[in-house]
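Trainee: Below you will find the structure I want to go over with you.
The values are calculated or read from the model by the stated rules, or taken from the named source; none is laboratory data. What you see is a predicted model, and the numbers here were worked out from it, not measured in a lab. Here the Cβ positions follow ideal geometry from the backbone for every residue, glycine too, while neighbour counts run over all protein chains shown. Each accessible area value is taken on the protein alone, full model and side chains, heavy atoms only, with ligands, DNA and RNA left out. Shrake-Rupley method; radii C 1.70, N 1.55, O 1.52, S 1.80 Å.
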Amino acid sequence: MPRSPLAFTHDVTERLLRYVVIDTQSDPASPTCPSTEKQKNLGRLLASELQAMGLTDAHLDKHGYVYATIPATTEKKVPVICFCSHMDTSPDCTGANVKPQIVKNYRGGDIVLPADPTQVIRFADHPALAGQIGHDIITTDGTTLLGADNKAGLAEIMDAARFLIQNPHIKHGTIKILFTPDEEIGRGVDKVDLKKLGADFAYTMDGESAGHIEDETFSADGATVTIEGVSTHPGFAKGKMEHAIKIAAAIIDRLPKDTCSPETTEGKEGFLHPIGISGALEKATIGFIVRDFTDEGLQQKEALLEDIVKNVMKDYPRSTYRMEVKPQYRNMKQVIDRHPETVEYAIEAIKRAGLTPVRSSIRGGTDGSRLSFMGLPCPNIFAGEHAFHSRLEWVSRQDMEKAAETIVHLAMIWEERA
């Protein structure tokens with residue numbers, strides 16, 4: 001017997017427009033949690049809106065996390081499902097004074113951003129636009145990022161929560177909501193209280209194209225190479241000075257030119273990527289991020305880096321180096337594969353929302369990567385965001401609505417299969 005379609009209503013666009021004007025940029029140089037107090041401004045608003053929906057336990061904690069519970073509407077024993085998104089925006093591009101605009105009923109072609117006409121979302125460069133004809137496209141004015149990464153996810157979870165609360169006849173188990181700070185700087189779950197959250201499985205709403213479900217991410221390490229050179233007065237340096245900055249520059253220069261970098265890889269190819277260099281004559285430091293889909297691939301790239309360093313150091317016999325590697329996160333697939341229902345149910349929910357599911361991998365990580373290894377299996381579902389971390393960022397109203405509908409269907413499917 002076919003299911004009767006749900007009569008969806010949406011306020012996801014209005015929510016997104018409300019959230020993106022709040023500056024929530026995180027700061028990797030800050031030691032605090034959250035890394036910026038301004039993230040709590042959005043957290044307070046979200047907690048207040050959840051309380052206004054009737055979720056009396058909704059609150060913002062001292063570390064900048066928002067927790068809330070949608071009570072079950074079924075007698076069945078159903079696993080507790082959490083939906084998660086992050087509140088911060090990337091440090092790569094300013095998120096202050098965001099001025100969103102809506103291109104209604106997009107008809108194709110380039111989108112010129114009004115405050116800076118040099119900023120153009122070119123149809124040729126954004127193939128996803130081909131599937132957006134007739135959609136309403138939300139962009140910035142060209143002077144900031146939009147923050148749809150991940151405020152689209154926030155808006156979708158809030159929209160789905162409102163719809164479920166207003167329609168108590170829809171059967172679902174207990175649903176947990178978690179909004180995190182500092183995901184963009186890799187610290188999104190540093191202070192999460194999983195015992196308080198009390199979820200069995202989770203989904204981050206933080207993916208790109210509509211219909212995508214992602215159960216695989218990069219594995220990630222950070223590597224730091226510290227060079228101790230030989231300092232002496234430059235007027236009397238011949239045969240004595242070994243300049244730490246020049247040693248560091250030589251290391252960078254010997255990295256592979258045609259492979260193993262973000263600009264030369266795609267798909268399942270990993271990379272070794274310098275992200276910062278600092279220092280002076282006596283001491284210099286290079287920071288790297290190392291990415292691959294397998295732990296073996298990470299180890300190979302780290303061995304390659306150390307070989308490069310050792311070979312450079314042969315030219316500087318009185319200087320020394322130190323290389324430190326710190327794990328950041330691991331490929332969630334190692335955990336998700338032990339819980340295949342998490343992905344199967346998401347695929348079914350995407351179908352019920354009227355989309356074609358696409359199972360894919362993320363050339364990056366999400367809060368779900370670390371949550372999975374903390375005991376909370378957590379695949380990633382599309383949020384509709386595109387060109388994130390840039391002034392060309394955009395998202396479609398219709399894609400966000402489909403993401404909210406996917407959340408509702410997913411909650412229903414967990415109840416049906418219980």
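Trainee: Normalised by the residues of the stretch 282-394, what does the relative contact order come to in percent, with Cα pairs under 8 Å and at least six apart?
Mentor: Averaging sequence separation for qualifying contacts and normalising by length gives 21 percent for the stretch 282-394.
Trainee: Moving on. Taking only protein heavy atoms into account and a 1.4 Å probe, give the accessible area per residue of the stretch 312-391 in Å².
Mentor: Working: 3710 Å² over 80 residues.
Value for the stretch 312-391: 46 Å² per residue.
Trainee: To continue, here is another question. Quick check on the chain: helices-only [θ] at 222 nm, where DSSP H runs of length 4 and up contribute -39,500 (n - 2.57) each and the sum goes over total residues. Nearest 500, please.
Mentor: -9000 deg cm²/dmol
Trainee: While we're here: So, in nm, how far is label V325 from label A29 when the simple model puts each one 7 Å beyond its Cα toward the Cβ?
Mentor: Using points 7 Å along Cα→Cβ, the separation is 3.0 nm.
Trainee: Explain nothing, just the number: relative contact order of the chain, from Cα pairs under 8 Å at least 6 residues apart, as a whole percent.
Mentor: For the chain, the relative contact order is 23 percent.
Trainee: Could you name the lysines in cross-link range of K240, using Cα to Cα under 27 Å and dropping any fewer than eight places away on the same chain?
Mentor: Within the straight-line cut-off, K240 pairs with K283, K310, K314.
Trainee: Between the stretch 234-274 and the stretch 122-201, what is the C-alpha centre distance in whole Å?
Mentor: Their Cα centres are 38 Å away from one another.
Trainee: Per the 1.4 Å probe, what fraction of the accessible area of the stretch 146-248, in percent, lies on carbon and sulfur atoms? Working shown, then result.
Mentor: Numbers: 1660 of 3320 Å².
It is 50 percent, rounded to a whole number.
Trainee: Distance between Cα centroids, the stretch 376-418 to the stretch 35-111: provide it in whole Å.
Mentor: 13 Å
Trainee: Using the C-alpha atoms of the chain, what convex hull volume per residue, in cubic angstrom, is computed? Don't jump to the answer; show the numbers that get you there.
Mentor: Details: hull volume 65.2 nm³, N = 418.
So the per-residue Cα hull volume is 156 Å³.
Trainee: Further question: Under 27 Å between alpha carbons, and skipping anything fewer than 8 positions from K268 in its own chain: which lysines qualify?
Mentor: Filter leaves K257, K301, K326, K333, K351.
Trainee: What's the Kirkwood radius of the stretch 308-418 in Å, using all Cα pairs? Intermediate results must be reported in sequence, preceding the final value.
Mentor: On the way: mean 1/r = 0.0579 Å⁻¹.
Final number for the Kirkwood radius of the stretch 308-418 is 17.3 Å.
Trainee: Would you mind counting up the charge near T94? Only other residues with Cβ under 11 Å from its Cβ, with Lys and Arg at +1 and Asp and Glu at -1.
Mentor: -1
Trainee: Could you provide, to the nearest whole Å², the per residue accessible area of the stretch 14-105 with probe 1.4 Å?
Mentor: On the way: 4130 Å² over 92 residues.
Value returned for the stretch 14-105: 45 Å² of accessible area per residue.
Trainee: Kindly sort Y316, Y106 by accessible area of their heavy atoms, largest first, with the probe set to 1.4 Å. Present the calculation step by step, with values, prior to reporting the outcome.
Mentor: Working: Y316 60, Y106 5 Å².
I get Y316, Y106, largest accessible area first.
Trainee: If R₀ is 41 angstrom, what is the calculated FRET efficiency for the pair Q166 and K268, using the beta carbon separation as r and rounding to 0.05?
Mentor: Working from the Cβ atoms, E equals 0.45.
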